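Student: Handing you this structure, nothing more for now.
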Amino acid sequence: MNLRLSLASLLAATSLSACAVGPDYVAPAAPPSAQAPFLGSGVEDAGVTSAAPVAQWWKLYDDPVLDDLVREALAANTDIRVALARIEKARASLRGSRADRLPQGAIDAQGGYRRASESQLLPGMDREARSVDGQLAVQYELDLFGRVKRGIEASRADLGAAQEDADTVRVTVVADTVRAYVDASSAAERIAVAQRTVDLLTNSERITQARFERGLNEKLDVIRLTQLKEQQAAAIPALQAERDAALFRLATLTGRTPQDLPQAVRTRTTTPDVAQAIPVGDGRALLARRPDVKAAERRLAADTARIGVATADLYPTISLGGTIGTTAIGASDVLGGGPLRWMLGPLISWAFPNQEAIRARIGGARADAQADLATFDGAVLTALEETETALSAYRGALQRRARLGEARDAAERAAKVSLARQSRGQIDALGALDAQRTLAGAEADYATGVRDVAFAQVDLFRALGGSWSAAPEAAGD
């Protein structure tokens, strides 16, 4: 009868463990206006489309060398390795939280050999004896108020936040890798433009020198051409240093030393460009994709669950446990019926009536959740701000590149006409020199405009957040 009553009590208590104190988490919703199409995506000539963004956005450049660099960065970048280690730490913490659901056991044992004083013994007792003491204790907490359940919820959300943090690092690493590649390629292209300008001015200098020797030009004309040529040549070392810095940064991002960069990266002299309209989606897709927004939501979930963990301490903790042990004098008595002892029963622990410290922890947990909600709202606003800013900057960069291209073409035509008119003696060398100076500046400005478009593309892709294969989800309860 007593056994049946005990089993009934156990089942009834266990059934209550489904009850968990503290607030049940409800994911926050972004404002409806945040889920609308982007302002910048509806502008004419924006260079974007409202189609869903592609996951591996760098493949839009159609550059196998860049694809290899990104793949290597994702595999070897040190920041990503740190983020992956933090995921493993969060996963280990989740395993520890789940372990609280299982019975906890402990074994204690000790043995000894003693010699007692004769004054401490009754007549006839041995002064020397061996003693053995051992005990097995098992305890199982009845999660009546959901302390363990909420702890598992918190750990699972922490794991989700760590996974989203890793995706945030991936977004940054990929964007930085593409930007460094663009920077190196653009610098090489601008070096080539500067060198062509120097070669052109060198040829003009040689022609003007020959005309001066025949009395057709003044010495001042030669000096001015030489000055312009040297000014253009002086820009090349700075561009080379800029290119080298980008290559070294690219090596670090891909987990290499500078000496190990592929030759194909070093020899590229054209700036990568996405020739098609960039798909950007809308605000709803952005917020569902940005890992920093998702990480903020997971942290809110974790701290909401911790309110329940703290609230459970207001109520009794009830555990079922038992012990079995033995204390024997001499090894032969260890397993005998006489030395064995055992105990079975519930253990109740309750901090009462002074619960002010517990209520203080609950207040702190609620404050953490409020801060997390504010962080989530800020992450939503920041995501929208960065995307709209990137869209505006990209549109402006495209327009500027188009105008600079027209200016360069006009300067090139003017330079050709000036050289032809100079050769026929219709204008002096100063007029031809001015046309060549204008062409040199227009070529450099256009090359910079091409680079700025590529940078704006990378910034837009970074703001869109990327999309990554989901890490294995934590197993359910």
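Student: Under the Kirkwood approximation applied to all pairs of distinct alpha-carbon atoms, what is the hydrodynamic radius of the range 249-334 in Å? Let's see the in-between values first.
Tutor: Numbers: mean 1/r = 0.0463 Å⁻¹.
Result for the range 249-334 stands at 21.6 Å.
Student: Once you place label points 7 Å from the Cα toward the Cβ at Q426 and A367, how far apart are they in nm?
Tutor: My value for the distance between the label points is 8.2 nm.
Student: First measure r as the distance between the Cβ atoms of R206 and R413, then evaluate 1/(1 + (r/R0)^6) with R0 = 25 Å and state the FRET efficiency to the nearest 0.05.
Tutor: 0.60
Student: Next up: State the answer as a single residue: which of F248, G308, I207 lies farthest towards the positive end of the charge dipole of the chain, with beta carbon charges of +1 for Lys and Arg and -1 for Asp and Glu, about the Cα centre.
Tutor: Farthest towards the positive end: I207.
Student: Still on this model: Taking only Cα atoms, what is the 0 to 90° angle, nearest 10, from helix 219-253's long axis to the longest principal axis of the chain?
Tutor: With rounding to tens, the tilt is 20 degrees.
Student: Sort 198-209, 31-42, 157-168, 437-448 for me by packing, meaning the mean count of neighbouring Cβ atoms within 10 Å per residue, highest on top. Write down the numbers at each step before the final one.
Tutor: On the way: 198-209: 17.7, 31-42: 14.7, 157-168: 23.2, 437-448: 19.9.
Top to bottom by mean Cβ count within 10 Å: 157-168, 437-448, 198-209, 31-42.
Student: Quick check: pseudo-label points 7 Å beyond the Cα along Cα→Cβ at T389 and W342, how many nm apart are they?
Tutor: 7.0 nm
Student: Given the C-alpha centroids of the range 221-241 and the range 196-214, what is the distance between them in whole angstrom?
Tutor: 14 Å
Student: Let me ask something additional. Could you give the length gained by full extension between D45 and T375, i.e. 0.36 nm per residue of separation minus their alpha carbon distance, to one decimal place?
Tutor: Values: separation 330, 0.36 × 330 = 118.80 nm, distance 3.48 nm.
Extending this stretch completely gives an extra 115.3 nm.
Student: Within straight cross-link reach of K149, meaning Cα distance under 22 Å, which lysines are found once same-chain residues fewer than 8 apart are removed?
Tutor: Counting by Cα, and skipping residues close in sequence, K149 has these lysines nearby: K89.
Student: With +1 on the Cβ of every Lys and Arg and -1 on the Cβ of every Asp and Glu, and nothing else charged, how large is the dipole of the range 126-194 about its Cα centre, in debye rounded to the nearest 20?
Tutor: Working: 9 positive and 13 negative charges, 20 e Å.
Taking the Cα centre of the range 126-194 as origin, the dipole is about 100 debye.
Student: Follow-up question, since we're still on this one. With labels modelled as points extended 7 Å from the Cα through the Cβ direction, what inter-label distance (nm, one decimal) is found for R95 paired with D434?
Tutor: Each label point lies 7 Å from its Cα, and together they span 7.8 nm.
Student: Hey, can you rank 301-307, 105-111 by average C-beta count inside 10 Å, highest first?
Tutor: With the highest mean Cβ count within 10 Å placed first, the list reads 301-307, 105-111.
Student: Projected onto the charge dipole of the chain (+1 at Lys/Arg Cβ, -1 at Asp/Glu Cβ, origin at the Cα centre), which of A277, L404, A295 gives the Cα projection farthest towards the positive end?
Tutor: L404
Student: Sum up the charges of everything whose Cβ sits under 13 Å from the Cβ of L373, counting Lys and Arg as +1 and Asp and Glu as -1, but leave L373 out.
Tutor: Details: positive: R298, R299, R366; negative: E297, D303, D368, D372, D377.
Residues close to L373 contribute a combined charge of -2.
Student: If one takes the longest principal axis of the Cα atoms in the chain, at what angle in degrees, from 0 to 90 and to the nearest 10, does the Cα axis of helix 78-99 lie?
Tutor: Orientation of helix 78-99: about 20 degrees from the principal axis.
Student: I've got another one for you. Rounded to the nearest 20 debye, what is the charge dipole size of the chain about its Cα centre when +1 sits on each Lys and Arg Cβ and -1 on each Asp and Glu Cβ? Present the calculation step by step, with values, prior to reporting the outcome.
Tutor: Details: 56 positive and 60 negative charges, 78 e Å.
It works out to roughly 380 debye.
Student: If you average over every viewing direction, what projected area does the convex hull of the Cα atoms of the range 68-125 give, in nm²?
Tutor: Working: hull surface 39.6 nm².
Taking the Cα atoms of the range 68-125, their convex hull projects to 9.9 nm² on average.
Student: Going by alpha carbons, how many degrees (0 to 90, nearest 10) lie between the helix axis of 147-213 and the longest principal axis of the chain?
Tutor: Around 20 degrees separate the two axes.
Student: Moving on. Would you work out which of L84, Q259, V458 lies farthest towards the positive end of the dipole of the chain, given +1 charges on the beta-carbon of Lys and Arg and -1 on that of Asp and Glu, about the Cα centre?
Tutor: Q259
Student: Check which residues have an amide H placed less than 5 Å from V48's amide H, if you skip close sequence neighbours.
Tutor: I278
Student: Which whole-number percent gives the relative contact order of the chain, counting Cα pairs below 8 Å spaced six or more residues apart? All intermediate terms of the calculation are to be shown ahead of the outcome.
Tutor: Details: 692 pairs, mean separation 125.3, N = 477.
This gives 26 percent for the chain.
Student: May I ask you to order 143-155, 77-89, 220-232 by the average number of other C-beta atoms within 10 Å around their residues, highest value first?
Tutor: Working: 143-155: 23.0, 77-89: 15.3, 220-232: 17.5.
For the peptides 143-155, 77-89, 220-232, the packing ranking is 143-155, 220-232, 77-89.
Student: Return the label of the correct value of mean projected area of the Cα convex hull in nm², as calculated from the structure shown, out of (i) 35.0; (ii) 39.0; (iii) 40.3.
Tutor: So the calculated entry is the one marked (iii).
Student: Give me the extension gain from D260 to L84: residue separation times 0.36 nm, minus the current Cα-Cα distance, reported in nm with one decimal.
Tutor: Once the chain is fully extended between D260 and L84, it gains 60.9 nm.
Student: Specify whether the C-alpha gyration tensor of the range 119-184 places it in the rounded, prolate or oblate class, a ≥ b ≥ c being the square roots of the eigenvalues: rounded for a/c under 1.5, otherwise prolate if a/b is larger than b/c and oblate if not.
Tutor: On the way: a/c = 9.64, a/b = 2.84, b/c = 3.39.
Since a/c reaches 1.5 but b/c is at least a/b, the shape of the range 119-184 is classed as oblate.
Each value in this text was obtained by applying a stated rule to the coordinates, not by laboratory testing. Please read these numbers as outputs of a predicted model, since none were measured by experiment. With ideal geometry, Cβ positions are generated from the backbone for all residues, glycine too; neighbour counts draw on all protein chains shown.
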